[in-house]
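Bear in mind that the values in this text are calculations on the coordinates, not laboratory data. Worth saying up front: this structure is predicted, and the values here are computed from it rather than measured. As a convention, Cβ positions derive from the backbone with ideal geometry for all residues, glycine included, and neighbour counts pool all protein chains shown.
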Amino acid sequence: MADRIKKGRDISGILILDKPLHISSNRAVQIVKRLYGAKKVGHTGSLDPLASGVLPICLGHATKVSQYLLASNKIYQFTMKLGQTTATGDVEGEILTDRPIPAIDQDALSALLDKFTGLIKQVPPMYSALKHNGQRLYTLARAGQVVDRPAREVTINSLILLSKTDDSLTLEVCCTKGTYVRTLAEDLGEQLGCGAHVTFLRRINTGPFELKQAVTIEQLESVRGDLGALDKLLGPLDLALQEYPVLNCNDNDKSDLCLGRQVKVNQLIEEPLIRLNDVNSEIFGLGKWSSENCLAPIRIFV
C-alpha cells in the first residue's frame, strides 16, 4: 500500500472543495493530492487567495472533463466597499483614491444593476493571470507596468442586491466564464461616482455544484490516512456532464468506440456532446453526432 501511494493511486472522481481564504487554488490541489495519494489532480477554474467557496477538484480520469466545468456559469456573493479604489481591486492592494460616498437612491441603484445585467464588456484587471507577450499581467503590475488590455464580452445572467450599508453593497452575481468580480465592483463604483473595491468574495455555485455539497480541508484532514473514508467523498466524473444526454452502448459498440471507430446508432440525437455509458450504466467516454445516425468518439476514459 505504501509503495502504491508513493507512486500515486489511480483513482478517479470529483471532489467539491470549499476552498478557504488565504491559499491559492493550486495549493488546495496539492493538499488534496497529498491526502488522497493520487497520481493526477487538477482544479476546474481558479479562485484567488482572497476568495473562498466552491472549487471542484478532479482526480484521475475526471481531469479529462475539467474543461467542461471551466466553461460553466458561476455564482458569487461579494461585498464592495464604496468610496475607495485599490491597486488590485480588493483589500490586498494599496488605496489609490478616497472619495465621498453620495446618497444612493434605491430606484437608481436598481436601474444601475439592471444596466450591468446581460452582455457587458470588461477590461481585465492588471492583477490577473492573463498573459501579455508571454508574461502574466500580475507580474507586470508588480513591476509597476500597465499595458493595454482589450475589453472582453461576458454575460451577467443576474445581479441581485442582498444588503446595503452606508459604505458597502453586498451582491449576488450569476455570470459566465471569464467574468472578473473585482472589475464588476470597480465599474459599479465608478458609475456610483465614488469608486469601490471588493472586501469579500465567495463562490457558491459552479455549474452543477453547490456550496452545500462541498467539504472543507478540515473535514479531509480529520480522516487523513483513511482512504476508504476519503474516497467516499468523491463524486463520479460524469457529475460534471449532467446537462448532456446519455447513450447506453452495448459491448461491441463500446469496443469500436474505444478503438476510435465511429458506430451507427438508430435515431441518434444531433448533439455536440453525448455521454457514453456501458452495459453497467457507467460512463466510459464522450461522443458526438458525426453524420446521419453516426456516432464518433471524442474522449475515452478507459
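Counted residue by residue at 0.36 nm each, then reduced by the alpha carbon distance between them, the extension gain from Val146 to Glu190 reaches 13.9 nm.
Once the C-beta distance of Asp231 and Leu109 is scaled by a Förster radius of 45 Å, the resulting FRET efficiency is 0.40 to the nearest 0.05. From most to least packed by mean Cβ count within 10 Å, the peptides 169-175, 66-72 give 169-175, 66-72.
Using only side-chain charges placed at the Cβ, +1 for Lys and Arg and -1 for Asp and Glu, the dipole size of the chain relative to its Cα centre rounds to 1200 debye. With all projection directions averaged, the alpha carbon convex hull of segment 19-88 covers 5.7 nm². For the chain, the longest principal axis of the Cα atoms and the long axis of helix 181-192 meet at an angle of about 30 degrees. Computed over the chain with a Gaussian network model linking Cα atoms closer than 10 Å, the most mobile of Gln84, Gln219, Gln122 is Gln219.
Of all the options His61, His132, His22, the one that moves most in a Gaussian network model of the chain with Cα springs shorter than 10 angstrom is His132.
Modelled this way, with points 7 Å down the Cα-to-C-beta line, the labels at Arg34 and Glu271 are 4.0 nm from one another. Taking 0.36 nm per residue of separation and subtracting the current Cα-Cα distance, fully stretching the chain between Gln219 and Asn157 would add 19.0 nm.
What is the angle, in °, between the Cα long axis of helix 106-115 and the longest principal axis of the Cα atoms in the chain? Nearest 10 is fine, range 0 to 90. Value to nearest ten degrees: 50. Please report the base-10 log of the normalised intensity I(q)/I(0) for the chain, using a Debye sum with one equal scatterer per alpha carbon and no solvent, at each q in 0.11, 0.12, 0.16 (1/Å). Ignoring solvent entirely, the Cα scatterers give -0.80, -0.91, -1.25. Of all lysines in the structure, the ones whose alpha carbon falls short of 22 Å from that of Lys7, not counting any fewer than 8 places away in one chain, are Lys33, Lys39, Lys40, Lys64, Lys232.
Over segment 152-248, the hull volume per residue, using the convex hull of the C-alpha atoms, is 162 Å³.
Taking other residues whose beta carbon is less than 15 angstrom from the beta carbon of Leu201, and scoring Lys, Arg as +1 and Asp, Glu as -1, yields 0.
Which of Val147, Val41, Val65 ends up with the largest GNM mean-square fluctuation for the chain, with Cα atoms connected below 10 Å? The residue that fluctuates most here is Val147. Relative to the longest principal axis of the Cα atoms of the chain, the long axis of helix 25-36 makes an angle of roughly 40 degrees. With a cut-off of 14 Å between beta carbons, the residues surrounding Leu130 carry a summed charge of +4, where Lys and Arg count +1 and Asp and Glu -1. Tell me, how many Å apart are the Cα centres for segment 95-156 and for segment 33-60? Using only Cα atoms to place each centre, the spacing works out to 26 Å.
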